[in-house]
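Working notes, structure below.
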Amino acid sequence: MTQALETRLIHMVQASPRVMQVLDLVRGANLPDWRLVAGSVYGTVWNSLTGRAPDYGIKDYDICYFDPDISWDAEDRIIKAVDALLPEDLKPLVEVRNQARVHVWFEKRFGSPYAPLSCTDESLERYLCFSDAVAVRLEADDSISLAAPFGLQDLFDMVLRPNPNRGATHNTKAKVAGIQARWPEVQFKEA
């Protein structure tokens with residue numbers, strides 16, 4: 001990951017009032033090993049690159065965290081605790097998920113097996129496309145830390161390239177179509 005692209009991404013995140021609001025509120029929940037992931041990150045970058053409003057096309061704000069307690073009750077308590085911190089307009093938009101439990105439900109929902117994870121950042125290695133696999137966190141000192149196991153080039157090139165570590169899933173075409181409907185500049189490349 002080049003420092004220049006990392007710096008650009010951080011500035012784009014900082015320029016989005018809604019993303020910064022979510023980051024600040026979730027930081028206050030003190031979740032273990034948490035990150036803001038996926039569409040709210042790549043959408044923020046693509047909106048900046050294409051001159052769109054910062055919130056354009058962002059459907060939700062996915063928060064991942066890692067807690068070894070994989071019971072539904074434990075995850076539900078965390079979801080409710082984060083929800084209590086959110087203003088009414090954000091409550092339906094923020095989704096909180098324990099990455100330690102993904103293997104419990106993933107195959108039934110997406111049709112392929114999913115081995116247990118050891119941390120939140122490891123989950124990024126299994127995202128559908130390389131440009132999806134980018135996550136940020138607002139640290140205690142107000143800096144933004146970044147995780148991007150495949151780098152940032154595809155994200156800044158507005159390319160969806162399938163992650164070979166993920167394998168095919170039934171939702172690939174629908175996800176690509178949904179993204180291209182919001183950002184027609186995005187290109188899908190098989191390899």
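Readers should treat all values here as calculations from the given coordinates under stated rules, not as data from a laboratory. Values in this document were obtained by computation on a predicted structure and should not be read as measured data. All Cβ positions, even for glycine, are placed from backbone atoms using ideal geometry, and neighbour counts span all protein chains on display.
Of the residues making up region 127-148, at least one is in a loop (DSSP other than H, G, I, E, B) and in contact with a Pro (Cβ under 8 Å, 6 or more places away or on another chain).
The condition of being surrounded by 13 or more Cβ atoms within 10 Å (Cβ to Cβ) and over 27 Å from Gln3 (Cβ atoms) holds for only one of Asp132, Asp83, Asp121, that being Asp83.
State which residue is farthest from Asn47 (Cα to Cα) when the search covers only region 19-36 and only residues that are in contact (Cβ under 8 Å) with a residue 60 or more places away in the chain and not hydrophobic (A, V, I, L, M, F, W, C). Going through the qualifying residues, I end up with Asp33. Could you list all residues from region 49-78 that are within 29 Å of Leu155 (Cα to Cα) and either hydrophobic (A, V, I, L, M, F, W, C) or surrounded by 17 or more Cβ atoms within 10 Å (Cβ to Cβ) (or both)? Leu49, Ala53, Pro54, Gly57, Ile58, Tyr61, Asp62, Ile63, Cys64, Tyr65, Phe66, Asp67 - these are the residues of region 49-78 that are within 29 Å of Leu155 (Cα to Cα) and either hydrophobic (A, V, I, L, M, F, W, C) or surrounded by 17 or more Cβ atoms within 10 Å (Cβ to Cβ) (or both).
With respect to the conditions (1) part of a loop (DSSP other than H, G, I, E, B); (2) β-branched (Val, Ile, Thr); (3) within 22 Å of Asp132 (Cβ to Cβ), Ile10 falls short on a single one, namely (1). Annotation for region 79-88: no member residue is among the aliphatic types (A, V, I, L, M), outside any loop (DSSP other than H, G, I, E, B) and within 20 Å of His11 (Cβ to Cβ).
Considering only region 158-178, how many residues are of a type outside the set (Gly, Ala, Ser) and under 16 Å from Ala38 (Cα atoms)?
Looking only at region 158-178, we keep the residues that are of a type outside the set (Gly, Ala, Ser), and these are 158-166, 169-173, 175-176.
Those left that are additionally under 16 Å from Ala38 (Cα atoms): 158-163, 166, 171-172, 175-176.
Count: 11.
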